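> My questions all concern the structure below.
Read the figures in this text as sums done on the coordinates, not as results from a lab. For clarity, every value in this text was computed on a predicted model and none was experimentally measured. Glycine gets a Cβ as well: all are built from the backbone with ideal geometry, and neighbour counts include every protein chain shown.
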């Protein structure tokens, strides 16, 4: 009886073990089939794993070719379109070798579950499936060629400001001023590279700085009348001296002074040296006449001084000769030299003035033109005196405007003879 019970118990255990064994075998077979299916259809199926994005495009389950095509359809290199002042400019993507690393990223995405051992690839696949993976497209271009393309556009846009001018003949005429344009290279390059890096190809409005000319059209159009003029004569047979008078006049001609600006005769004419175009002619040096470059220029400065004096312009600097000039009375001459003696006057009016200076035959003339609103009546008084036996003069100017007069001292002159 005991033996039968023992035998039955053993048979039951064997049946259980057999069932367990069969079950395990079935599980192994099913797992193998499932794993094999997963390997062929998901892990190593020739396609990119699940939940992978390149930029904002999901490339999951795509072949590499399909992924490249999908990305290129949306992210394709394009030309850069630039605008300024209704003008359009273009930078060709081919000219700067613009490229995207699309194929490189597709390879990375494809190999993201194919770069380790089998079990590590499975781990990567599962991790990516639940957490996802994203790659960003990067741009590359030839920066030197981009700089060259930007520079070519800058050349088309850049221009220097152009001052308005005045011309006096039988009437007063003008030319228009023009604003200057300066292409902001650094700022525009930042805008362009940002568009390239972000792969956004909306039109870019270029940054261009506008610079105003010193003399505008409105400045010169206010000049409508002659304020004053003055002329002196010379011996034109003295060829070199006559030439210097004319050259100095030419360099002082066509000068526009805006309100508050100062005219410097020495600055306008430059150094009186042979290399600056002047010829040797008679000048007063150390109280005697000697030949030196620029002889005669003081007659031009004297002529211009008198025109400025009569016009009512502010006289800032003037000095007399050591000897009385034959072409103007004492107290009305203006000596200049390269050692510091200069003729300077300032436009103290509310509008621009135009300085005209020219030689004609044996005379040199200067005229000041300005706005009729600035025209004043002037009276020049020269008080003569003697200083240590030498002749001298004190020069005064009375300006009358709107029935109001004001007298001011100009300068004191003392001559050796």
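> What is the calculated FRET efficiency for residue 136 to residue 20, with r their C-beta to C-beta distance and R₀ = 51 Å, to the nearest 0.05?
The pair residue 136/residue 20 has a calculated efficiency of 0.45.
> Return the Rg/Rh value of the range 33-147, two decimal places, where both radii are evaluated on C-alpha atoms and Rh is the Kirkwood radius.
1.17
> Defining a contact as two alpha carbons under 8 Å apart and six or more residues distant in sequence, what relative contact order in percent does the range 222-374 show?
It comes to 39 percent, rounded to a whole number.
> Test of understanding: ordering 234, 305, 130 by Cβ neighbours within 10 Å, fewest first, what list do you get?
Placing the least packed residue first, the sequence is 130, 234, 305.
> Among 390, 257, 310, which one moves the most in a GNM of the chain with springs linking Cα atoms closer than 10 Å?
Checking each option, the largest mean-square fluctuation is seen for 390.
> State the dimensionless ratio Rg/Rh of the chain (Rg: radius of gyration of Cα atoms; Rh: Kirkwood radius).
1.54
> Here's something else I'd like to know. Over the chain, what is the relative contact order in percent, taking alpha-carbon pairs closer than 8 angstrom and at least six residues apart?
12 percent
> Follow-up question, since we're still on this one. Per DSSP H run of at least 4 residues, take -39500 (n - 2.57); add these up for the chain, divide by its residues and hand me the 222 nm value, nearest 500 deg cm²/dmol.
-10500 deg cm²/dmol
> Using packing as a proxy for protection, rank 217-228, 151-162 so that the peptide with the highest average count of other Cβ atoms within 10 Å comes first.
217-228, 151-162
> Related question: Under the Kirkwood approximation applied to all pairs of distinct alpha-carbon atoms, what is the hydrodynamic radius of the range 292-417 in Å?
When all Cα pairs of the range 292-417 are included, the Kirkwood radius is 15.5 Å.
> Would you mind telling me which residue in 52, 122, 16 has the biggest mean-square fluctuation in a Gaussian network model of the chain, where springs connect alpha carbons within a distance under 10 angstrom?
Among 52, 122, 16, the largest mean-square fluctuation in the Gaussian network model of the chain belongs to 16.
> May I ask you to compute the full-extension gain from residue 73 to residue 176, defined as 0.36 nm times their residue separation minus their alpha-carbon distance, rounded to one decimal in nm?
31.9 nm is the gain from fully extending residue 73 to residue 176.
> In addition: Run the Debye formula on the Cα coordinates of the range 139-263, all scatterers equal and no solvent, and tell me log10 I(q)/I(0) at q = 0.13, 0.16, 0.19, 0.21 1/Å.
These q points yield log10 I(q)/I(0) values of -0.76, -0.91, -1.08, -1.20.
> Shifting gears a bit: Among 144, 366, 249, which one moves the most in a GNM of the chain with springs linking Cα atoms closer than 10 Å?
Comparing 144, 366, 249 in a Gaussian network model of the chain, the most mobile one is 144.
> Also, quick follow-up: State, in angstrom, two size descriptors of the range 226-275 derived from its alpha carbons: Rg to one decimal place and Dmax to the nearest whole number.
According to the Cα coordinates of the range 226-275, Rg and Dmax are 13.3, 40 Å.
> Moving to a separate point now. What do you get when you divide the Cα radius of gyration of the range 94-148 by 2.2 N^0.38 Å, with N the number of residues?
1.65
> Spin-label point model (7 Å from Cα, Cβ direction): what's the residue 388 to residue 123 distance in nm?
Simple spin-label model gives 10.8 nm for this pair.
> For a protection proxy built on the mean count of beta-carbon atoms within 10 angstrom, sort 331-339, 60-68 highest first, please.
Averaged packing, sorted descending, gives the order 331-339, 60-68.
> Whole percent per 5 Å bin, from 0 to the bin with the longest distance: what is P(r) over all C-alpha pairs of the range 241-365?
2, 11, 23, 25, 21, 11, 5, 2, 0
> Among 316, 94, 121, which comes first, second and so on when ranked by fewest other beta-carbon atoms within 10 Å?
94, 316, 121
> Among DSSP beta bridges whose residues both lie in the chain, state the antiparallel percentage, nearest 5.
The antiparallel fraction comes to roughly 95 percent.
> Once the Cβ-Cβ distance between residue 197 and residue 258 is put in as r, and R0 is 56 Å, what FRET efficiency do you end up with, to the nearest 0.05?
Step by step, r from the Cβ atoms, then E = 0.75.
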